[in-house]
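First comes the structure, then the notes that go with it.
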Amino acid sequence: MIEKLRKRFFRIALIAMSAAMILVTAAINVINWLDVRAELRETLAMLAENEGRPLEDRDPRFQNRSRHERNLIIESSFFSGTWSEQEGAVLRGPVREVTTSSEEAQALIASAAASGKEEGRIGDYLFRRAAGRTEEESRYTFLNGETRLSEVRHLIIFSAAACLGSVLLVMIAVSRFSRRAVEPILKNERQQKQFITDASHELKTPLTVISANMDVLSLDTPDNPWIRSTRKQVSQMRRLVDEMVYLSRLEEGGQPLEMKPVSLGPLIADTAEPFAAMAEFQGRQMEIRVPEELRIIGDEAALQRLVSTLCDNAVKYAAPEGTIRLEARADASKAELILENAVSEPLTPEQCERLFQRFYRADPSRSKEKQSGFGIGLAIAAAIAEKHGGTIRAEMTGPSTLAIICRLPLAS
């Protein structure tokens, strides 16, 4: 549980930090692109307004500009030309363009005319259309934005690389700090589990003594109801102690599992058979559908305990005269074990999630007075599934149908 909490904290922190850095990087690049585009369009508009000629130093339109804008105009590469059906593309006016030949410039003018747009972009060139000397003629002014657009692209590449590097650094940092953050909780949990294991072992001695004393007393008064009641309570205490020790060892890794190939179908069928008879005796019907070919790598005894725990839980708490369905099937790379039974009262999603906690009972009908049990069986089932690299969950699949779904990795 704590490891899941650490992983969840790691994912949330990583996603939050990554999202923040990506948003900042995207915002910087978008603002930069909008600023560059505005500067290029404004420069092109001034050139087009002056019929593709550079503004004179004495021109008020030039003098009223900021130093940055005047530098943009002075440093800009541009050319202009006309297009008409009779003459085609013709270069006209001064040309301040050192990288484009006359043929390439004429091809750009023809492309702009073919597009039918008043302004646009062809590659790294921005163009604007204006009226020519005649109605059939159109004047096009082109501005070379290669330098500024290249700066935009470089900023995108560098900022994306910096963002990726930052995400990796954050991932490493969050991974280390998340372990430190949950270490006190992990230590506390280990101490609690160790206490449960030690206390359970210590309880075995007095329980054995009490049981032996009851045997001695029964020799004198064999039909004493107090002795029978005490024996019954001692037996329940022994069962509880054994289950607590098994669960603690399983979670601590002290319960060795003998992993080997297991045919899951026959194991489920054999384990569930006694519970089918028990369900029939109680007026319920238990349907078992398991294929023969399901094979997993696992501990056979632990898997039998897993299946028997789920079946026992379903038989105990199924609604009267309800049907219990046990099904196993292959789902991609997982073996899926599904056990469904009708319940008297539907469970909320929170109750379904808490079913696998120790000593939790979802409703008053799961009281110890009505059904024998300690509320620890499903916790053991969840621990067994986790040890096999699987998962287990509970959900309501109908208005009054509870399903417990266990997924275990199939053997390769």
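No value in this document is a laboratory result; all are computed from the given coordinates. These numbers were taken from a predicted model, which means no experiment stands behind them. Cβ: placed from backbone, ideal geometry, glycine included. Neighbour counts: every protein chain shown.
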- region 136-272 - convex hull of the alpha-carbon atoms, volume per residue in Å³: 368 Å³
- Message: Mean Kyte-Doolittle hydropathy of -0.5 or higher plus an axial Cα length of 27 Å or more: which whole DSSP H helices in the chain meet both?
- Response: 2-49, 146-220
- Message: Positive end of the dipole of region 260-409, charges at C-beta (+1 Lys, Arg; -1 Asp, Glu), about the Cα centre: which of A330, A302, V343 has its Cα farthest in that direction?
- Response: A302
- Task: With no solvent and one equal point scatterer per Cα, compute the Debye intensity ratio I(q)/I(0) for region 260-409 at 0.11 Å⁻¹ and report its log10, rounded to two decimals.
- Result: -0.38
- Using Kirkwood radius over Cα pairs in Å as the read-out, say which of (i) 24.4; (ii) 26.0; (iii) 29.1 was calculated from these coordinates. (iii)
- Query: Tell me, what is the FRET efficiency for R295 and R231 to the nearest 0.05, using R0 = 51 angstrom and their Cβ-Cβ distance as r?
  - Reply: 0.70
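Going by average Cβ density within 10 Å per residue, which order do the peptides 383-390, 266-273 take, highest to lowest? Numbers along the way, then the final one.
Details: 383-390: 20.2, 266-273: 17.9.
Put in order of decreasing packing, that is 383-390, 266-273.
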- Item | R249 versus E321: modelled label distance in nm, points set 7 Å from Cα along the beta carbon direction | 4.5 nm
- Note on the structure: log10 I(q)/I(0) for region 180-252, Debye formula on C-alpha points only (no solvent), q = 0.12 Å⁻¹, two decimals, reads -0.46
- Enumerate the aspartates and glutamates that K187 could reach by cross-link, defined here as Cα to Cα under 19 Å, with residues fewer than 8 away along the same chain left out. E3, D198, E251, E252
- Proximal aspartates and glutamates to K260, defined as alpha-carbon separation beneath 18 angstrom and excluding residues fewer than eight positions away on the same chain: E292, E293, D299, E300, E386
- Square roots of five times the Cα gyration tensor eigenvalues for region 169-218, Å: 48, 6, 5
- Item | Per-pair calculated FRET efficiency, R0 = 22 Å: F158 and L34 via Cβ, rounded to 0.05 | 0.75
